[in-house]
Amino acid sequence: MNDLIPPYAAHLNEPQREAVLTTEGPLLVLAGAGTGKTAALTARLAHLIATRRAYPSEILAVTFTNRAAREMKERVGRLIGGAVEGMPWLGTFHSIGAKMLRRHAELMGLQSNFTILDTDDQLRLLKQLVQAEGLDEKRWPARQLAGLIDQWKNKGLTPADLDAADAEHYANGRGQKMYAAYQARLKALNACDFGDLLLHPLTLLKTDREVLETYQQRFRYIMVDEYQDTNSAQYLWLRLLAQERKNICCVGDDDQSIYSWRGAEVANILRFERDFPGAKIVRLEQNYRSTPHILGAASGVIAGNAERLGKTLWTEIDQGEKVRVVGVWDGPEEARTIGEMIEQDHSAGKGLEDFAILVRAQFQTREFEERFIQTGLPYRIIGGARFYERKEIRDAIAYLRLIAQPADDLAFERVINMPKRGLGDKAVETIHRLARAERTPLLAAAARIVDSDEMPARARNALSGFVNNIARWRDMASAMPHAELTRILLDECGYTAMLRAEKTAEASGRLENLSELARAMEDYESLGAFLEHVSLVMDNDASDDSAKVTIMTIHAAKGLEFDTLFLPGWEEGVFPSQRALDEGGLTALEEERRLAYVAITRARRRCTILHAANRRIYGQWTSSIPSRFIGELPSDHIEEESSLNQTGASLWRTNWAERLEPFNNIAASGRGPGWNRASQSGAPGAAPCSYPHDRRGSATSVGAKARSDLSIGLRVFHEKFGYGTIATIDGNKLEIDFEQAGSKRVIDSFISIA
């Protein structure tokens, strides 16, 4: 029997080998975490080529990253000896879709040399269409429309496929019209966005029978990796291609489907047997990564999901340590506890690269970053910027820097048009010219320009509002806590409204980060003390290649593994995320549970789950209860310790439903995690600019002197208004009767003697 096993399959276990040698008909390989699915997938591809069942050009092999495609091709070459040439249909969905579309571009109204737009180009085009439609871009952001169009394309929907409910999602029913206009404009530009690389090939196969039959005959075998992460358009495309020969092999794990926010549909893998009657299912259940206790804990959690095909992971690895569940008092103690555990193990000889901290949301990283900087423990953030380097945090801090120090020109430049307030490059250049001419900070120059006609009225009004707001917030800074001031200014400047209008998961995460920023400020006596702290934090060197503790989100950790893992923040409202539950209900809960399963199975040897009894949410201490997922951990596989009266699991086992209901009621009422704080009072009226008389070291203390070479009746020249005669002089402000523009108020730095 063993003589019949090809050498490239000899190292595989029985289920893996079965997946390799089953070549005909539909096959679903359910590959649990750490079960060697990549080895099976590449061996199967090698088998198809080595046994001459198909030429490389007759195999469609789809991966989710270009890197995975390259690695698969290299591994197949090593398995069968020599480089594998001629595999044009090995790649990602988007790369294969682009190849197919270029071959048939004219059938979709394009030329074969079409351009693929990036996100910035796409947004620029959509903004033009929004303006042409006469819509208020603040109320109906182009970014929101871009997100909707991406969702529709992921579902395989053209503008003609949208129903009234879809269209209602944007601009009171104009979503379909805007989508159609966008697609027409793309064709006029001979361009596609990334969604079109999926939508156009699908449309082509659905509408052109000849093209469909060509590809059905071409692809003798179809193989798909990470099938649980496919969206509707990808699913429909694959199903059309596989209908003729039905030799399709999909590899995936329904328990690791965690990307619904990117359009992934777990239902695609769950209904595989219905789509392909008679399909064979092979389960890869032997885990080569984790200890039995870790697998037992993960299996106990995922068993709570109803919508799953089911499998039981097992391993031959030694039993190892039980999963630790640690209860702490609050977030700072959580960070301190993890830091001390890492330092203790590191002192005993473990490398820092062996440790990882996986969080549910990005805002959770701040506590760990600050703790590790304080103690000198090297760390790195994977899959995102460090907390204080994130764009929204840098924007907010720039506002605060400008309030604390009006002469901070770098901060001024960052926030003068963020969020957009109609101050374009010309307006900013005008401010710069005056500041250079009078050797004064930009904010002081801006305060003087609003009293002149140097800018069009619209830009001048916007600038006046900005200048007056900065002055008002400076006055407020001396009368209220700086954390509260931060919340107010982010509301009043329009930053929170801008993010809420986007209605995307990314925007929601950025709002959470801003809330965490305000909370962090409460630990410092003054705004100045906090800004000094941030400067020291930003100085942390992350550029060297030395070993570091890894901090990342659970989503970013999928596919990775670590020797020792810490999972903080396992409380209701944090994990599972209250926002996810509010928006997605039971479906979202099952995805959150899959996320918990993915998190635990990243650990090889040790896993520690932490929950805090208290979290500070939007400036207020909130009592937290342990995550329901802790209550689902099998007691045989966990070891609990806590400084609290009860351990996390026992809290759940004593009265689960009773404890959950009041918390959910609190969260739903807007006082718990997931609630986005909004200003109740609204923005007060703008106060007069106080900079010329400010006694706290304002920007105008560098004041400019009035020019002595000017006099009433003198003929002068202004770059914008041309020639004119000075009518009145009031310090640096002049009233000039221009020959073409009429009477205007200007600043003396902008004129020259004719």
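The values are calculated or read from the model by the stated rules, or taken from the named source; none is laboratory data. Keep in mind that this is a model prediction, so the values were computed, not measured. Don't worry about glycine lacking a Cβ; one is built from the backbone with ideal geometry, like all the others, and counts go over all protein chains shown. SASA here: full protein model, heavy atoms, side chains in, ligands and nucleic acids out. Shrake-Rupley method; radii C 1.70, N 1.55, O 1.52, S 1.80 Å.
Of all residues in the stretch 595-609, those that are touching a residue at least 40 places away in the same chain (Cβ under 8 Å) have Cβ atoms under 7 Å from Cβ atoms of residues that are surrounded by 24 or more Cβ atoms within 10 Å (Cβ to Cβ) and polar (S, T, N, Q), 6 or more apart or on another chain, in 601/290; 603/290; 604/290. Per the conditions (1) touching a residue at least 12 places away in the same chain (Cβ under 8 Å); (2) open to solvent by 70 Å² or more (accessible area, probe 1.4 Å); (3) closer than 16 Å to residue 198 by Cβ, the sole criterion not satisfied by residue 99 is (1). Going through (1) farther than 16 Å from residue 563 by Cα; (2) buried (at least 20 other Cβ atoms within 10 Å of the Cβ) one by one, residue 287 falls short only on (1).
Residues considered: 111, 122. Of these, the only one that is buried (at least 21 other Cβ atoms within 10 Å of the Cβ) and either closer than 28 Å to residue 150 by Cβ or basic (Lys, Arg) (or both) is 122. Regarding the stretch 232-247, can at least one residue be identified that is touching a Pro at 6+ places or on another chain (Cβ under 9 Å), within 30 Å of residue 53 (Cβ to Cβ), assigned to a loop (DSSP other than H, G, I, E, B) and not charged (D, E, K, R)? Yes, that holds for at least one residue.
For the stretch 730-751, the set of residues classified as touching a Leu at 6+ places or on another chain (Cβ under 8 Å) and either buried (at least 17 other Cβ atoms within 10 Å of the Cβ) or not in a strand (DSSP E or B) (or both) consists of 734, 746, 747, 748, 749, 750, 751, listed by residue number. Out of all the residues in the stretch 213-256, which are of a type in the set (D, E, K, R) and surrounded by 18 or more Cβ atoms within 10 Å (Cβ to Cβ)? 225, 226, 229, 253, 254, 255, listed by residue number. When 92, 63, 38, 23 are screened for being crowded, with 21+ Cβ neighbours inside 10 Å and hydroxyl-bearing (Ser, Thr, Tyr), only 63 passes. Checked across the stretch 160-174, the condition of being in contact with a strand residue (DSSP E or B) (Cβ under 6 Å, 6 or more places away or on another chain) and at pLDDT below 95 holds for no residue.
If you filter the stretch 582-607 down to residues that are of a type in the set (A, V, I, L, M) and within 13 Å of residue 33 (Cβ to Cβ), you find that the one that is nearest to the chain's Cα centre (by Cα) is 595. Restricting the stretch 132-148 to residues that are part of a helix (DSSP H, G or I) and of a type in the set (A, V, I, L, M), which is most open to solvent (accessible area, probe 1.4 Å)? Filtering the stretch 132-148 for residues that are part of a helix (DSSP H, G or I) and of a type in the set (A, V, I, L, M), the one most open to solvent (accessible area, probe 1.4 Å) comes out as 132. Hey, any hits in the stretch 435-444 for a residue that's of a type in the set (A, V, I, L, M), open to solvent by 10 Å² or more (accessible area, probe 1.4 Å) and free of Cβ contacts under 8 Å to residues at least 24 places away in the same chain? No, that holds for no residue. Of the conditions (1) within 27 Å of the chain's Cα centre (by Cα); (2) closer than 28 Å to residue 23 by Cα, residue 314 fails just one. Which one is it? Single failed check for residue 314: (1). Scanning the stretch 702-729 for residues that are among the aliphatic types (A, V, I, L, M) and open to solvent by less than 70 Å² (accessible area, probe 1.4 Å) yields 704, 706, 710, 714, 716, 726, 727.
For the stretch 473-537, the helices (runs of 4 or more DSSP H) that sit wholly inside it and include 2 or more residues that are open to solvent by less than 40 Å² (accessible area, probe 1.4 Å), small (Gly, Ala, Ser) and in contact (Cβ under 8 Å) with a residue 24 or more places away in the chain are 505-521.
Among helices (runs of 4 or more DSSP H) lying entirely in the stretch 547-641, which contain 1 or more residues that are in contact with an Asp or Glu (Cβ under 7 Å, 6 or more places away or on another chain) and open to solvent by less than 30 Å² (accessible area, probe 1.4 Å)? Those helices (runs of 4 or more DSSP H) span 578-600, 628-631. Scanning the stretch 257-282 for residues that are of a type in the set (D, E, K, R), surrounded by 14 or more Cβ atoms within 10 Å (Cβ to Cβ) and assigned to a loop (DSSP other than H, G, I, E, B) gives a single hit, 265. Taking residues in the stretch 105-132 that are of a type in the set (Gly, Ala, Ser), and partners anywhere that are assigned to a helix (DSSP H, G or I) and open to solvent by 30 Å² or more (accessible area, probe 1.4 Å), the pairs with Cβ atoms closer than 7 Å and at least 6 places apart or on different chains are 109/187; 112/102. Looking across the stretch 413-431, just one residue is surrounded by fewer than 16 Cβ atoms within 10 Å (Cβ to Cβ), in a helix (DSSP H, G or I) and either under 25 Å from the mean Cα position of the chain (by Cα) or of a type outside the set (Asp, Glu) (or both), and that is 426. Being open to solvent by less than 10 Å² (accessible area, probe 1.4 Å), more than 30 Å from residue 585 (Cα to Cα) and hydrophobic (A, V, I, L, M, F, W, C): is that true of residue 342 here? Here the answer is yes, as residue 342 does meet what is asked.
Listed by first and then second residue, the pairs linking a residue in the stretch 451-470 that is under 23 Å from residue 495 (Cα atoms) to a residue that is open to solvent by 30 Å² or more (accessible area, probe 1.4 Å) and assigned to a helix (DSSP H, G or I), with Cβ atoms under 7 Å apart and 6 or more places separating them unless they lie on different chains, are 469/492.
Scanning the stretch 496-527 for residues that are over 18 Å from the mean Cα position of the chain (by Cα) and not hydrophobic (A, V, I, L, M, F, W, C) yields 519, 522, 523, 524, 525, 526. The residue of the stretch 8-20 that is surrounded by the most Cβ atoms within 10 Å (Cβ to Cβ), among those that are more than 24 Å from residue 294 (Cβ to Cβ) and free of Cβ contacts under 8 Å to residues at least 40 places away in the same chain, is 20. The helices (runs of 4 or more DSSP H) located wholly in the stretch 149-212 include none with 3 or more residues which are farther than 25 Å from residue 91 by Cα, among the aliphatic types (A, V, I, L, M) and open to solvent by 70 Å² or more (accessible area, probe 1.4 Å).
For every residue, the table says whether it meets (1) modelled with pLDDT of 90 or more; (2) out of contact with any helix residue (DSSP H, G or I) (no Cβ under 7 Å at 6 or more places or on another chain).
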site: 51; (1), (2): yes, yes
site: 54; (1), (2): yes, no
site: 80; (1), (2): no, no
site: 98; (1), (2): yes, no
site: 112; (1), (2): yes, no
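Out of the residues in the stretch 379-434 meeting the condition of being at pLDDT below 90 and aromatic (Phe, Trp, Tyr), tell me which one is farthest from residue 493 (Cα to Cα). This residue is 387.
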